[in-house]
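Here, each number is a calculation from the coordinates, and none is a lab measurement. Quick caveat: nothing in here was measured; it's all calculated off a predicted structure. Backbone-built Cβ (ideal geometry, glycine too); neighbour counts: all protein chains shown.
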Amino acid sequence: MKNNKVKVRFRENSNGTTSIRLNYFGGYSYSNGKRKAIRLIKTLPNHLITNPKTQDQILKNDKLKNNAVKIAAKWEKQLLDKKKNPSKKSKEFFSKMDSKIPEGPLSEKWTNHKSNIQLVSPANKRLIDIIVVGTGLAGASASATLAELGYNVKTFCFQDSPRRAHSIAAQGGINAAKNYQGDGDSTYRLFYDTIKGGDYRSREANVYRLAEVSTNIIDQCVAQGVPFARDYGGLLDNRSFGGVLVSRTFYAKGQTGQQLLLGAYSAMNRQIGRGKIKMYNRHEMMDLVVIKGKARGIITRNLVNGKIERHSAHAVVIASGGYGNVFFLSTNAMGSNVSASWKIHRRGAYFANPCYTQIHPTCIPVSGEHQSKLTLMSESLRNDGRIWVPKKLEDAELIRNGKLKPTELSEEDRDYYLERRYPAFGNLVPRDVASRAAKERCDAGFGVNKTGEAVYLDFAAAIIRYGKEQATVRGKDDSDLKLVKKLGQEVVRSKYGNLFQMYEKIVDQDPYETPMMIYPAVHYTMGGVWVDYNLMTTIPGCYAIGEANFSDHGANRLGASALMQGLADGYFVLPYTIGDYLSNDIRTGPISTDTPEFKAAEDGVRNQIEQLINSNGTKSVDYYHKKLGKIMWNKCGMSRNAKGLKEAIAEIKELRDDFYKNVNVPGTSSEFNEQLAKAARVGDFMELGELFAKDALERTESCGGHFREESQTPEGEALRDDKNFTFTSAWEYTGEPSKARLHREELKFEDIEVKTRSYK
């Protein structure tokens, strides 16, 4: 071998495959002035020989040996570079992640990849079991599609029905590059807008694939009967969302997510009726079972009777959504949690970019301490609503004290600050930009509700504009203000009536007559379980899809892209890539649950439950969740700084210790016990919150939804550090979140130019 610091060892595995290991002696450490060699042993993730061969045959495989040497040489160079330019932040060894992105031109990667992956024959699919955890758009679409293909699918959700997944609350729409308006949209434009919207912190290959399959999603959903809005000619209607200059968002009257989920749910129901999907409602995943390095099942708890159950499969798919409820108050459904993702993280799946959290600009502001959920108002409102605050501090104070109405303020006394700061995009700047701009105005004293944390979303101009147009169409007098207003309100009601009704019921104000009040709130998490191009985690056989994974959005998500990613993963990506992995399992046979690994996992779950039940503390689960939420919002929210993040890490650790000593969980483990279920989830949130703060502390740049106060432009915009932070942070669990080990996936941009984001 050319590199005498590297030894290549071939190890035959019990399943007949052979894996390559590197023993590398090129690193050194210093202790008490003495030089010591570091023995770094790494398993090459992309060099598994899948066909059983003899040792002699394998040793003759020059290609694999050469690849091993090349990778080792890269490691050596990395260590030497690190010695020459030691990091001020950390002296630990950073390994590079293999994302398994196919070679070739960007526009051909996915097509070529699909053409060259291994397939499973229809007859053999009947021999393979797949577990899907979660029944939102990602989980429901994956379950339905995999069952339609012939696999045996077991699907789990903690709700009483798959229909109650958080996806059903999505209001605004779903993106697709169909260019119905003829305004210049294309696959490339959607790809570019998404990369730019994510502040250049996502993979080119994944994002392009997402844009590429987006048009298929619309066709799939129309075929399922999703009632998308249509224009006067019968074609699907669409509109613009933040961060783009084209109309690509397709929507259904009411809540788009509801209609899309019902479409996927109907497909699921058909497969449930055929027996291809076994549905486990009111079951929560408690642990992942790994056998001989592969995901082979899960441990669940029946939430109705408390029974602990073992479930095996040849592959496990995590589709359990994001972790926004770590803040306690968010727009997520109250049951949304991080537990499934966190369980696989503890078993070896890396957790990526936890600090990337989206703050949505159009939410109904907090009204008091009694709340446990915030209400999202669809971003589609920004198509017609204008956002403003008073220009004068004294006017803002009068409004807060109830002595001045917003309708009494003249146009000259209003600051349409988004239109002022971002003339090209105006009210349709991306969510992170709009949210920070609102916070800046409120922090400066221009907030308009009693707490000073709200801005106006005003439809008066749109009502007049639509009214004049309708009056002209009907041949009526467009100078008749009363008539114009009436006709304009009818148009606005047809577009946003359900949202206006919801707002009026919650706030007790008529948004047709007075401006809405909005303020940013936690909405979506761009971080999540690290996956490669095939959507597989760092645990073989374990996949993560939808919001549960990290990959497709970068540091900020464009509106209407969450539904797009969930359905893209479930309908059009995972069914291909999982087959490539499962093609090696056609002779495996059923996976037994009567193994030491299943027993150990079950025992661990029982011990955790008993610990919570027997804690005999005095404080409620919600007490701790609210405490955690306040730490997260105050020190890891819309803006972060080093001092606050260090405090957050220490405070969360202290809170976690107190939680396990003093939490009170009433009832028993052998019955329906919502407090027990909630306690387990909050325990996971405690660990995630600490890792979240650690990740935010390590990333000393600002990008997208991650805003470090130390890294901003003179205008207060996010200031990236492309030289040092063009990578994905992938954290390895080591027992304590504060001691998690960082791995980097370098992000390479070959088809677009990385530049400073501008929406002016």
Would you calculate the separation in nanometres between label points at Ala123 and Arg270, each defined as 7 Å from the Cα along the Cα-to-beta-carbon direction?
2.6 nm
Set Lys and Arg Cβ to +1 and Asp and Glu Cβ to -1, take the dipole of the chain about its Cα centre, and tell me which of Ala205, His360, Ile101 lies farthest positive.
Ile101
Tell me which trypsin sites (Lys or Arg not before Pro) from the stretch 371-413 have a DSSP coil assignment and no more than 11 other beta carbons within 10 Å of their own.
Lys403
Within a 10 angstrom radius of the beta carbon, how do Asp722, Asp413 rank from fewest other beta carbons to most?
Asp413, Asp722
Helical contribution to [θ] at 222 nm, DSSP H n ≥ 4, -39,500 (n - 2.57), averaged over the chain, rounded to 500:
-11500 deg cm²/dmol
Selected from Ile631, Thr618, Gly604, residue furthest toward positive end of dipole (the stretch 594-722; charges at beta carbon):
Thr618
If I model a spin label as a point 7 Å beyond the Cα along the Cα-Cβ vector, how far apart are those points for Ile586 and Ser367 in nm?
6.0 nm
What ranking do 620-630, 227-237 get when scored by the average of other Cβ atoms within 10 Å per residue, highest first?
620-630, 227-237
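Could you give the length gained by full extension between Tyr180 and Ser161, i.e. 0.36 nm per residue of separation minus their alpha carbon distance, to one decimal place?
Stretched out fully, the Tyr180 to Ser161 stretch lengthens by 3.3 nm.
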For peptides 480-486, 267-273, sequence by mean Cβ density within 10 Å, most packed first
267-273, 480-486
For the chain: relative contact order, % (alpha-carbon pairs under 8 angstrom, 6 or more apart)
17 percent
Greater than 23 Å separation of Cα atoms is the criterion. Which listed pairs, Lys450/Lys482; Lys643/Lys739; Lys619/Lys678; Lys278/Lys373, meet it?
Lys450/Lys482; Lys278/Lys373
If the chain between Glu103 and Asn616 were fully extended at 0.36 nm per residue, the gain over the current Cα-Cα distance would be 178.9 nm
Row for the stretch 156-260, column shape: gyration tensor on C-alpha, a ≥ b ≥ c, rounded if a/c < 1.5 i.e. under 1.5, prolate if a/b over b/c, else oblate; value oblate
What is the packing order of peptides 594-601, 175-182, taking the mean over residues of other C-beta atoms within 10 Å and listing the highest first?
175-182, 594-601
Under the 0.36 nm per residue contour assumption, what length would be gained going from the current alpha-carbon distance of Glu753 and Glu411 to full extension?
119.1 nm
How far is helix 642-662 tilted off the main Cα axis of the chain, in degrees rounded to 10, range 0 to 90?
70 degrees
Given Gly528, Ala140, Asn238, which one lies farthest toward the positive end of the charge dipole of the chain, if we put +1 on the Cβ of every Lys and Arg and -1 on the Cβ of every Asp and Glu?
Gly528
Out of the GluC sites (Glu not before Pro) in the stretch 469-542, which ones are loop residues according to DSSP with at most 14 other C-beta atoms within 10 Å?
Glu513
